[in-house]
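As structure tokens, the structure follows; a few thoughts come after it.
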């Protein structure tokens, strides 16, 4: 059923244009992968701390001292469109 | 039906650090576009964030200044969304473990506003719309930004404004920001809803985004409260939506709703370690906080100072500290308050006096007041001395001496000046003899002019009367 | 094949020059690269760079000085195209270099080229490269493994003495196992990730592909250590790894967890692991029983966590600041087209999967549970490493499979990483060492050690390499 499809909503969130055949395939792939990882739901993991890292001290913080910046030509040299020092991006239709 | 207004505010403050939040590019306003950019703040492939210790310290101090609990463990999260001013496609922010929780702010006019959270994040770049395109400058991208979220405790647009002003005042007291409104370094989003007075009804909220002036906030909320009230009166429904303030037209307008509902897909930022903050570290920062505006206001009011003067003195930390120092040097609090909010404030407004780097030292203000009180200087002379101190520094004694402003108490010398004034203004003298009292103040003025204000007005008056034989 | 250390001593004795090593590399590449496709970019000025290094060679030059190496094309190289094997970065030339690359450059290492990979390191066969697959030098009808396939090929085919790769779930060890070289994944935080295009930040780590274990020690020592640009890089001093190896492995305790040699593991590979275990015991290592019961769930947790992080890490590839921009009608169309056209199928699959598991309402069910499983795995490993110094397992369930065999079956492809993924989830260090081939195809033996215990890992690995030979 079309309303059960998850790919269109995800593709919109992830800003991915998909061809119709591609979307069908991904729908199937996602479904089988998600089915596979369902196994995790059966484990009792109550009370397990999911924290990824143990908290560190302030010794790994950066001192507030300025360093070198990039020239525009280096930082934005691969940009599709520039105007002088500015990056140019497409306009937003709704706000035009 | 009577309605009451329910307002909550999210205030954003750019922190004044030398470098950005996660890279060593300069945090500096006004540079040519895209001059403070690097792999990190441009979101180039492979770049990683390196958190700025000074920004974290400033955030903790501000949270403490707002009376927050400081978490022993604080953590960054990613907020994912696409926008061209957001280089990485996510903003590094804080969700579950922000720097501060559960604070409160006391408003100058009374009233308490609860703070739910204080979180540290990175600012986005600056995007300007043009015809069919937009231009982006990343100088601001990655500048440390503090978000202060209030509970919906504000009950009027005026109160919302007072709250925002107080937040800004506290930040300025702490020196964590420049708070330049015109540069957008302090901004606010407001949530506003109405409910029948005396109920706890939860009605749809309207969010008004990205306001950068106190006046806009007050006007926008006033408009929005009226608009919602009108809708309810005509038994319509208020849509839960985001609106923007169109100042020239004086209206709020619905903002483009994104074509999908937002889903920020927050998750813990894996590039950054959670930060453990020791109790001792936080206590040391708390102990080192300056006296804050609310405490200032309480102390000043307790000293019997008038409300308006309390407000003016507590407005800025340097002024409040100037007041303290003058009182410590022996000035009577009421007099010090009067002069600081009067003559000195006038000089400040003229740009002649900088209270944060005062040439007229507070101890000299105390001395000036002492001399006025003891009669050594007239009010008029004291103002001249003060203007001179403000411009040149130095002591009251030397300045009064140099300007020849030591009070003229010698009756014979004053009488000579009075006679000269009468001689030069025969018509006025005659008017006075004829009973025209207005001529008296003119003649006193003339004596003052001749003596540059060194004569006590009462003395001048009595000698004029003697001289014209009344 | 010559080791890095042997090449270094030839240079030291002036029996070779950097120039001659580059020439040799180019002629080896000339002979086989058309079949194998290990490189995406060869540095045009490598010969000049070699001459310059020869001229400037200092007294007491280090072990990497003047020797050509290859780097996976997801490591930033200033001024040299870096593509991640993706159309979206096809012409991208970065303005900075990864810390690992900078450290090698500072020691006189000579970058010869950038190697092929699965797009954004997402894959186990190098078939997901936008620029065509690499092939296994032992049997070019088979995959070299992945995602650091190009780097493994370059080392195994004799192009370079060593190469840098990167791991998220086995992307160095698995191709090392398939191609018959040594693949080392350092502990999480041992090597700075700065300048490595992020796939899954909490799992990624730069690793080495070498011709023996001691070479791995040499290269690791050159790239390891704290970097202020990577907050997750650890501050611990870098030990003398070669010195550690010279202590020998006698007395070290090891275990062979049953969970790694059960169902799905090819019998020949299981037999080779058990043979290696006997040989190690004979060498004076102590064998202990260890259990790691949560192992089967590791793959599930990985296929939640890695795509979740990837979906966020790959958001920056939007055609705005770099990369080709599809000019749609407006911003939204441009985003969708740039990304839709720029990413390949496997990358899209993982972005969507990651978007799903992080989205409202599913976060707790998937991401949070996966992180909890990950925490359990860590505890389990931590307990195991109280009893043993290293774990011995197969690197992969099978030997190299044929090109095309799994490319359309994501789950089958993912199984290739089932035995390597736990080390990434737990932040361990791990290494794949070639065992005795099976039907002419290389077999990888994996050792794992506790985080930051590369010294112990390398001691055991050197012994293993010795006994299985």
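Laboratory data are not the source of any read-out in this text; all were calculated from the coordinates shown. The structure displayed is predicted, hence computed values, not measured ones. Using ideal geometry, Cβ is built from the backbone for each residue, glycine included, and neighbour counts are taken over all protein chains shown.
If a/c stays under 1.5 just call it rounded; otherwise compare a/b with b/c (prolate if a/b is bigger, oblate if not). Do that for the stretch B:316-461, with a ≥ b ≥ c from the square roots of the Cα gyration tensor eigenvalues. Walk me through the numbers on the way to the answer.
Values: a/c = 2.66, a/b = 2.31, b/c = 1.15.
Prolate shape, in that a/c is at least 1.5 and a/b is the bigger ratio.
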Checklist entry - Can you give the Rg and Dmax of the stretch C:184-224 based on its C-alpha atoms, in angstrom? => result 10.5, 29
Checklist entry - Cα convex hull of the stretch B:300-399: mean projected area in nm², to one decimal? => result 5.6 nm²
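Please compute the Kirkwood hydrodynamic radius over the stretch C:299-365, one decimal place, Å, based on all pairs of different Cα atoms. Don't jump to the answer; show the numbers that get you there.
Numbers: mean 1/r = 0.0789 Å⁻¹.
Every distinct Cα pair counted, the radius reaches 12.7 Å.
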Item to check | Span per principal axis, largest first, for the Cα atoms of the protein assembly as shown (Å) | outcome: 136, 78, 54
Checklist entry - What does the helix-only formula give at 222 nm for chain C: each DSSP H stretch with n ≥ 4 adding -39500 (n - 2.57), the total divided by the residues, and the result rounded to the nearest 500 deg cm²/dmol? => result -12000 deg cm²/dmol
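Multiply the residue gap between residue B:409 and residue B:1 by 0.36 nm, knock off their C-alpha separation, and tell me the result in nm, one decimal place. Provide the component values of the computation, followed by the final result.
Working: separation 408, 0.36 × 408 = 146.88 nm, distance 7.08 nm.
Residue separation times 0.36 nm, minus the Cα-Cα distance, leaves 139.8 nm.
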Checklist outcome for this item: Expressed as a whole-number percentage, the relative contact order of the stretch B:300-399 with C-alpha contacts under 8 angstrom and at least six residues apart is 26 percent
Item to check | Rg/Rg_globular for the stretch C:142-284, with Rg_globular taken as 2.2 N^0.38 Å and Rg from C-alpha atoms | outcome: 1.12
Checklist outcome for this item: Per the helix-only model, chain B has a calculated mean residue ellipticity at 222 nm (DSSP H runs of ≥4, -39500 (n - 2.57) each, divided over all residues, rounded to the nearest 500) of -12500 deg cm²/dmol
Next on the checklist: For the stretch B:411-468, compute the orientation-averaged projected area of the C-alpha convex hull (one quarter of its surface), in nm².
Outcome noted: 3.2 nm²
Checklist outcome for this item: The convex hull of the Cα atoms of chain C, divided by residue count, gives a volume in Å³ per residue of 136 Å³
Checklist entry - Hey, rough spin-label estimate for residue C:237 and residue B:126, points 7 angstrom out along Cα→Cβ, what's it come to in nanometres? => result 4.9 nm
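Please compute the alpha carbon radius of gyration of the stretch B:340-388, then divide it by the globular-protein estimate 2.2 N^0.38 Å. Two decimals is fine.
Values: Rg = 10.6 Å, N = 49, 2.2 N^0.38 = 9.7 Å.
Cα-based Rg divided by the globular estimate yields 1.10.
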Checklist outcome for this item: Sorted largest first, the C-alpha extents of the stretch C:20-173 along its principal axes in whole angstrom are 44, 32, 26
Checklist outcome for this item: One computes Rg over Rh for chain B from alpha-carbon atoms, with the Kirkwood Rh, and obtains 1.12
Next on the checklist: Taking 8 Å as the Cα distance limit and 6 or more residues as the minimum spacing, I'd like the relative contact order of chain C as a percentage.
Outcome noted: 17 percent
Checklist outcome for this item: Longest principal axis of chain B (C-alpha) makes with the long axis of helix B:411-424 (C-alpha) an angle, in degrees to the nearest 10, of 90 degrees
Item to check | Euclidean distance between Cα centres, the stretch B:370-426 to the stretch C:1-79, Å | outcome: 89 Å
Checklist entry - Stokes-Einstein D for the stretch C:287-431 at 10 °C, 1.306 mPa s, Kirkwood Rh over Cα pairs, in µm²/s? => result 90 µm²/s
Checklist entry - Equivalent-ellipsoid semi-axes (√(5λ), Cα gyration tensor) for the stretch A:1-41, whole Å, largest first? => result 20, 11, 10
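Output the peptides C:310-317, C:396-403 sorted from most to least packed, where packing is the average of other Cβ atoms within 10 Å over each peptide's residues. Walk me through the intermediate numbers first.
Numbers: C:310-317: 26.0, C:396-403: 21.4.
Descending mean neighbour count gives C:310-317, C:396-403.
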Checklist outcome for this item: One finds the C-alpha centres of the stretch C:108-168 and the stretch C:244-307 to be spaced, in Å, by 25 Å
Checklist entry - Which translational diffusion coefficient, to the nearest whole µm²/s, is obtained for chain A from the Stokes-Einstein equation, given a Kirkwood hydrodynamic radius over C-alpha pairs, 20 °C and 1.002 mPa s? => result 107 µm²/s
Checklist outcome for this item: Averaged over all viewing directions, the convex hull of the alpha carbons in the stretch B:3-284 casts a projected area in nm² of 16.1 nm²
Checklist entry - What base-10 log of the normalised intensity I(q)/I(0) is obtained for the stretch B:196-259 from the Debye formula, alpha carbons as equal point scatterers, at q = 0.18, 0.27, 0.29 Å⁻¹? => result -0.71, -1.25, -1.33
Checklist entry - What whole number of Å gives the distance from the Cα centroid of the stretch B:161-234 to the Cα centroid of the stretch C:180-219? => result 52 Å
Checklist entry - How are the Cα pair distances of the stretch B:124-192 distributed, in percent, across 10 Å bins from 0? => result 15, 41, 29, 14, 1
